[in-house]
1. Run the numbers for Arg159 and Trp182: contour at 0.36 nm per residue of separation, minus the present Cα-Cα distance, in nm.
2. How large is ³J(HN,Hα) for each residue in the range 107-115, as worked out from phi by the Karplus curve 6.51 cos²θ - 1.76 cosθ + 1.60 (θ = phi - 60°), to whole Hz, x for Gly and Pro?
3. I'd like the Karplus ³J(HN,Hα) series for the range 149-159: coefficients 6.51, -1.76, 1.60, θ = phi - 60°, whole numbers in Hz, and an x wherever there's a Gly or Pro.
4. What list of ³J(HN,Hα) couplings, whole Hz, do you get for the range 218-229 from phi and the Karplus terms 6.51, -1.76, 1.60, once you set θ to phi - 60° and write x for glycine and proline?
5. Assuming R0 = 30 Å, can you tell me the calculated FRET efficiency for the pair Leu215 and Asp78, based on Cβ-Cβ distance, to the nearest 0.05?
Amino acid sequence: MKILKSLGGMLYTLISASNKRFSRNHPSSLPSSHRPAVATNRSAMFARFFLLAAFVCAYNINDARAQQLAVKSNLLYDATATINLGGELVVGKKQSIDLSGNLNLWQFSGNKKMKHWMLQPEWRYWFCQPFMRSFIGVEVHTGQFNFGKMLPFGISVARTALSKYRYEGWAVGAGITYGYQWILGKRWNLEASIGLGYTYLDYNQANCDHCGQELGDGQNHYFGPTKAAISLIYIIK
């Protein structure tokens, strides 16, 4: 349990640092300059709620002898230079709680960026037993984003609005997941998982070449993939 609390503390520290970075990067001269601060407060509030919910689930374990803990890294996020860390705690014979966090603060030449942080807790039901074979789950997610002129894995933005505009805001949503784990060794596993669901996005739109010029704001209701992971897992106990 101490390890899980430490993991949550590390994720919260990264989120707090990224909130400051997002706020610092936004020009204060805009008429709606208080809007990013409101978005930051909202996303931070959601992050605190999700962390609290994950810890409540972890503390309400009926069978302490069934506890198992694992740490993981999503190789897909690693491929996009996104810092990510996850942990999973067994809370029953066929149930576990997964908690992951992602952070990307990089900016590339030409003002290209995929800056974001995201927190994603998930409840899982295993058809065999935890850390073995297939599972289904329910996940919730929240975070902030600041995207412009690029998408992950070299996907072209030539015919999209991202080629001309930068989008900065926050998001919150939930989805259903399915995944499978393969045993690689005594303490090592490999996991593949995907999720589908809903995300609400609230954002500002700005000109990419002159990022201090805000063009407007908007909201979007997204339905589709909410998670994709190929994770390398180390089982601690």
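Just so it is clear, none of the values below were taken in a lab; they were calculated from the coordinates. What you are looking at is a predicted structure, and each value in this text was computed from that prediction instead of being measured. Note: ideal-geometry Cβ built from the backbone for every residue, glycine included; neighbour counts use all protein chains shown.
1. Full extension of this stretch gives 4.4 nm more.
2. 10, 10, 4, x, 6, 7, 7, 9, 5
3. Along the range 149-159, the couplings run 6, 7, 10, x, 6, x, 4, 5, 10, 4, 10 Hz.
4. x, 9, 9, 10, 9, 10, x, x, 10, 7, 8, 8
5. It comes out at approximately 0.35.
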